[in-house]
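Written below as structure tokens is the structure these notes are about.
The values are calculated or read from the model by the stated rules, or taken from the named source; none is laboratory data. These figures come from a predicted structure and were not determined experimentally. Cβ placement follows ideal geometry from the backbone for every residue including glycine, while neighbour counts extend to all protein chains displayed.
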Amino acid sequence: MSIDIDTARKVAKLARIRVEEADLPALAGELSGILGFMEQLNEVDVTGVEPMTSVTPMRLARRADVVTDGGYQMQVLANAPDAREGFFAVPKVVE
Amino acid sequence: MNANELTIAAARDALRAGDLTAVDLTMACLTAIDAGDGLNAFVHKTPELALEQARAADARIAAGDAPAMCGIPLGIKDLFCTRGVSSQAGSNILKGFKPEYESTVTARLFGAGAVMLGKLNMDEFAMGSSNETSCYGNAVNPWKIDDRNLTPGGSSGGSAAAVAADLCLAATGTDTGGSIRQPAAFTGIVGIKPTYGRVSRWGIVAFASSLDQAGPMTKSVRDASIFLGAMAGHDPKDSTSADLAVPDFEAALTGDIRGKKIGIPREYRMDGMPDEIEALWADGIAMMKDAGAEIVDISLPHTRYALPAYYVIAPAEASSNLARYDGVRYGHRATLAPGDGITEMYEKTRAEGFGPEVQRRIMIGTYVLSAGFYDAYYNRARRVRALIKRDFETVFAEGIDAILTPATPSSAFGLGEMANADPVEMYLNDVFTVTVNLAGLPGIAVPVGLDAKGLPMGLQLIGRPWDEAGLLNHAYVLERAAGFVAKPAKWW
């Protein structure tokens, strides 16, 4: 499976990473090389094998559905690139 | 001998006997760190915090309340969130980030009285095998054989360099595909990746959540046992943390492995493997046999598919985990042009903040998870992963106690030598270690010898799930038999 320039552009868009048009051919080449390496997986007979979902067989622990934490507005905002009046600030989202 | 050259075990005994204070020990490390800037191992130094912690440790020792790690100066990989101290995961996208909270591992270590000297260099988001993807620049291996600077390995390259150069007594590392064991092997130290779930992942910047596991990097197997005991244990804040008692790992070091079965997997004998690695492996097998273990040829038939499966699964998980770096809540935000909306903010922030290898892996992960390819790549890789795990379960069910393999396909290479290589060539560094992460098993790298060039080489032991105690005892036997005592000559 080789990745063309249009696919590379689409993947970059999905990943929300800006890639300049001039850099797309090199990116497509690199991604194709890595995917080519993964093609070896097609040699394996996986009939009847379920995809692994848990590293160790365990039931995830549950806890009571109660508030256990919170009330740290200032700490939550402390590392924000732009925080105003107790909120995260971002560029306009809706026209 | 300077105090910074001590092992944890020796320092612990000297502190308890009153022959050494934690403050003097910490000062010796801080002096070594300042003289070791050429290694670029410590990227955020915390001398004031270290001395404050050392004074508190001395008070505890004087009061007779001293756990084993009390007063022991450590380096902490930059991947661990440490309250009020820069924690960047080696990335520009987290520049300036100072967590408001403490990772479970560092909280446990500090609770046990350990001292943090600073944060250690690493590959960006732990993605790399040579510490060359770091936003801080390369960490440098203290081992040197000509005018070249060598890689300390990766991703825990700063940790490995700092321990090997005696800048600290030991360091934390993390291992997603070999990131503790490969750098340990490249620098002649010990590194253990515990069973998945043994050590809490809470507060460690996530790379691939089903593979990530933290562990100690130390000067000896005994130190690894002491250090791991202080890191491990159940944590309700990590839903995959195992609710199991932590054994006394140090007490398990009996040096007796008579009658134990050591598996030698034939699939790890790779085409093109250097003769020296092959000979080292044969030496290790002989050492285990001399110690009374039974050597058994075993087969792990899906080994060759581990790397391609890993390079589907790890980027897939990374693309999801790293979606949080959006320029909104913490870290870097790009300067926007007039009229830029939120999508431009995301795209420009991530293009500026992430380095090329991280961008590449996020995009590979995005692709294998995208509609139409999810089954062909991601689900197929997870099926193959189940088969790789089954390979190990089969040999353990047949009575194998531990598996002995090479740790790396070569000794340390020169920084920059792989710069023009295909990304896949760099991935081959993980060929012997990555199976262990996929199967969730414990694995340890032990230094066993020097190659003809004079560089350290290590072997890997793989244990049964949750049997770190037995694994460490096997490693202890190998360590004693190998008698590896070489240290890098100081040039930095």
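Scanning segment B:311-330 for residues being surrounded by 21 or more Cβ atoms within 10 Å (Cβ to Cβ) and facing another protein chain (nearest Cβ under 10 Å) gives a total of 9. The residue of segment A:5-46 that is farthest from B:ALA323 (Cα to Cα), among those that are modelled with pLDDT under 95 and of a type in the set (Asp, Glu), is A:GLU39. Just one of the listed residues (B:ASP147, B:ASP175) is charged (D, E, K, R) and without any contact (Cβ under 8 Å) to a residue 40 or more places away in the chain, namely B:ASP147. Residues satisfying the criterion are absent from segment A:22-29 (criterion: at the interface with chain B (Cβ under 7 Å from one of its Cβ atoms) and either crowded, with 18+ Cβ neighbours inside 10 Å or in contact (Cβ under 8 Å) with a residue 24 or more places away in the chain (or both)). Here segment B:338-355 is the region considered, the condition is being modelled with pLDDT under 95 and more than 9 Å from chain A (Cβ to nearest Cβ), and the residue that is surrounded by the most Cβ atoms within 10 Å (Cβ to Cβ) is B:GLY339. Taking segment B:412-444 as the range and being in contact with a strand residue (DSSP E or B) (Cβ under 7 Å, 6 or more places away or on another chain) and either among the aliphatic types (A, V, I, L, M) or modelled with pLDDT under 95 (or both) as the test, the residues that pass are B:ALA412, B:LEU415, B:VAL436, B:LEU441, B:ILE444.
Of the candidates B:ARG333, B:ARG390, B:ARG361, the single residue that is in contact with a Pro (Cβ under 7 Å, 6 or more places away or on another chain), of a type outside the set (A, V, I, L, M, F, W, C) and more than 8 Å from chain A (Cβ to nearest Cβ) is B:ARG361. Selection of segment B:98-133 for residues being more than 26 Å from B:GLY355 (Cα to Cα), in contact with an Asp or Glu (Cβ under 8 Å, 6 or more places away or on another chain) and surrounded by fewer than 24 Cβ atoms within 10 Å (Cβ to Cβ) yields only B:PHE110. State yes or no: is A:ILE5 at the interface with chain B (Cβ under 7 Å from one of its Cβ atoms) and either within 19 Å of B:ALA318 (Cβ to Cβ) or in contact (Cβ under 8 Å) with a residue 12 or more places away in the chain (or both)? No, not satisfied. Can you find even one residue in segment B:253-260 that is aliphatic (A, V, I, L, M), touching a residue at least 24 places away in the same chain (Cβ under 8 Å) and away from every other protein chain (no Cβ under 14 Å)? Yes.
Only a single criterion out of (1) touching a Leu at 6+ places or on another chain (Cβ under 9 Å); (2) within 24 Å of B:GLU425 (Cα to Cα) is not satisfied by A:GLU39, namely (1). The combined condition, being assigned to a helix (DSSP H, G or I) and either among the acidic types (Asp, Glu) or over 23 Å from the mean Cα position of the chain (by Cα) (or both), is fulfilled by B:ARG55.
This table checks each residue for (1) touching a helix residue (DSSP H, G or I) at 6+ places or on another chain (Cβ under 8 Å); (2) within 29 Å of B:GLU132 (Cβ to Cβ); (3) of a type outside the set (Val, Ile, Thr); (4) touching a residue at least 24 places away in the same chain (Cβ under 8 Å).
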site	(1), (2), (3), (4)
B:ALA62	no, no, yes, no
B:ASP65	no, no, yes, no
B:ILE76	yes, yes, no, yes
B:SER91	yes, yes, yes, yes
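One residue alone among A:VAL90, A:VAL46 is touching a Lys or Arg at 6+ places or on another chain (Cβ under 6 Å) and outside any helix (DSSP H, G or I), and that residue is A:VAL46. Yes or no: B:VAL190 under 13 Å from the mean Cα position of the chain (by Cα), more than 26 Å from B:VAL358 (Cα to Cα), crowded, with 24+ Cβ neighbours inside 10 Å and modelled with pLDDT of 95 or more? Yes. Residues in segment B:58-74 that are in a loop (DSSP other than H, G, I, E, B) and either crowded, with 16+ Cβ neighbours inside 10 Å or under 25 Å from the mean Cα position of the chain (by Cα) (or both): B:ALA66, B:PRO67, B:ALA68, B:MET69, B:CYS70, B:GLY71, B:ILE72. For the structure I just gave you, tell me whether B:PRO301 is at pLDDT below 95 and either assigned to a helix (DSSP H, G or I) or not charged (D, E, K, R) (or both). No: the conditions fail for B:PRO301. Number of residues in segment A:46-73 that are at the interface with another protein chain (Cβ under 9 Å from one of its Cβ atoms) and of a type outside the set (S, T, N, Q): the value is 11. Is one or more of the residues making up segment B:285-297 surrounded by 16 or more Cβ atoms within 10 Å (Cβ to Cβ), under 24 Å from the mean Cα position of the chain (by Cα) and not β-branched (Val, Ile, Thr)? Scanning segment B:285-297 turns up no residue that is surrounded by 16 or more Cβ atoms within 10 Å (Cβ to Cβ), under 24 Å from the mean Cα position of the chain (by Cα) and not β-branched (Val, Ile, Thr). Within segment B:227-264, the residues that satisfy the criterion of being out of contact with any His (no Cβ under 8 Å at 6 or more places or on another chain), of a type in the set (A, V, I, L, M, F, W, C) and part of a loop (DSSP other than H, G, I, E, B) are B:ALA232, B:ALA245, B:VAL246, B:PHE249, B:LEU253. Here B:SER87 fulfils each of the conditions (1) away from every other protein chain (no Cβ under 13 Å); (2) touching a Pro at 6+ places or on another chain (Cβ under 7 Å); (3) among the polar types (S, T, N, Q) apart from (1).
Where in segment B:380-492 are there helices (runs of 4 or more DSSP H), lying wholly inside it, with at least 2 residues that are within 19 Å of the chain's Cα centre (by Cα) and acidic (Asp, Glu)? Because the criterion is at least 2 residues that are within 19 Å of the chain's Cα centre (by Cα) and acidic (Asp, Glu), the helices (runs of 4 or more DSSP H) in segment B:380-492 that meet it are B:468-482.
I'd like the full set of residues that are facing another protein chain (nearest Cβ under 7 Å), within 27 Å of the chain's Cα centre (by Cα) and not hydroxyl-bearing (Ser, Thr, Tyr), limited to segment B:364-379. B:ILE364, the sole residue that qualifies. Mind telling me which of the residues B:ASP401, B:ASP430, B:ASP467, B:ASP391 ends up being among the acidic types (Asp, Glu) and within 29 Å of B:GLY137 (Cα to Cα)? From the options B:ASP401, B:ASP430, B:ASP467, B:ASP391, the qualifying one is B:ASP430.
Just for segment A:1-21: of the residues that are in contact with a Leu (Cβ under 8 Å, 6 or more places away or on another chain) and part of a loop (DSSP other than H, G, I, E, B), which one is surrounded by the most Cβ atoms within 10 Å (Cβ to Cβ)? Only one residue fits best here, namely A:ILE3.
Looking only at segment A:83-95, residues that are farther than 20 Å from B:TYR101 by Cα, facing chain B (nearest Cβ under 7 Å) and under 23 Å from the mean Cα position of the chain (by Cα) come to 3 in all.
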